[in-house]
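The values are calculated or read from the model by the stated rules, or taken from the named source; none is laboratory data. This structure is a prediction, so every number in the text was calculated from the model and none was measured. Cβ coordinates were reconstructed from backbone atoms using ideal geometry, including for glycine residues, and neighbour counts include every protein chain displayed.
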Amino acid sequence: MAVSYKRLWKLLIDKNMKKKDLQVAAGISWASVTKMSKDEKVSMDVLMKVCNAMKCNIGDMLDIFPDEDSQEQTQSTKNGGVK
């Protein structure tokens, strides 16, 4: 599964906040902010802190979707292991 934090960055713009402001408000490390900037996975604890700081739900700040590897594996399984 892949994750996209585009919704979070739009929320920051709407609230006139910078990533550094998010880090301080949520009490998370800069490494976590960097991971989210690269659309990498972070812990549920980090996500809950961000939701609390932004006063939003998790779906308001990220999208989760199957990545290409997952789609190939699913397709392979449906085809009896043949690609």
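What pairs can you find where one residue is in the stretch 43-69 and outside any helix (DSSP H, G or I), the other is polar (S, T, N, Q), and their Cβ atoms are less than 9 Å apart, with a gap of 6+ or different chains?
SER43/SER32; LEU62/SER4; ASP63/SER4; ILE64/SER4; PHE65/SER4; PRO66/THR74
When the residues of the stretch 1-21 are narrowed to those that are surrounded by 13 or more Cβ atoms within 10 Å (Cβ to Cβ) and closer than 13 Å to ASP63 by Cα, which ends up farthest from the chain's Cα centre (by Cα)?
TRP9
The rows are residues; the columns are (1) modelled with pLDDT of 95 or more; (2) more than 17 Å from LYS18 (Cβ to Cβ); (3) surrounded by 12 or more Cβ atoms within 10 Å (Cβ to Cβ).
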site	(1), (2), (3)
SER29	yes, no, yes
MET44	yes, yes, no
MET48	yes, yes, yes
LYS55	yes, yes, no
ASP63	yes, yes, yes
ASP69	no, yes, no
GLN75	no, yes, no
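Go through (1) β-branched (Val, Ile, Thr); (2) in a loop (DSSP other than H, G, I, E, B); (3) loosely packed, with under 13 Cβ neighbours inside 10 Å and name the single condition VAL24 misses.
For VAL24, the failing item is (2).
Can you tell me which residue in the stretch 31-42 is surrounded by the most Cβ atoms within 10 Å (Cβ to Cβ), limited to those that are assigned to a helix (DSSP H, G or I) and among the β-branched types (Val, Ile, Thr)?
Only one residue fits best here, namely VAL33.
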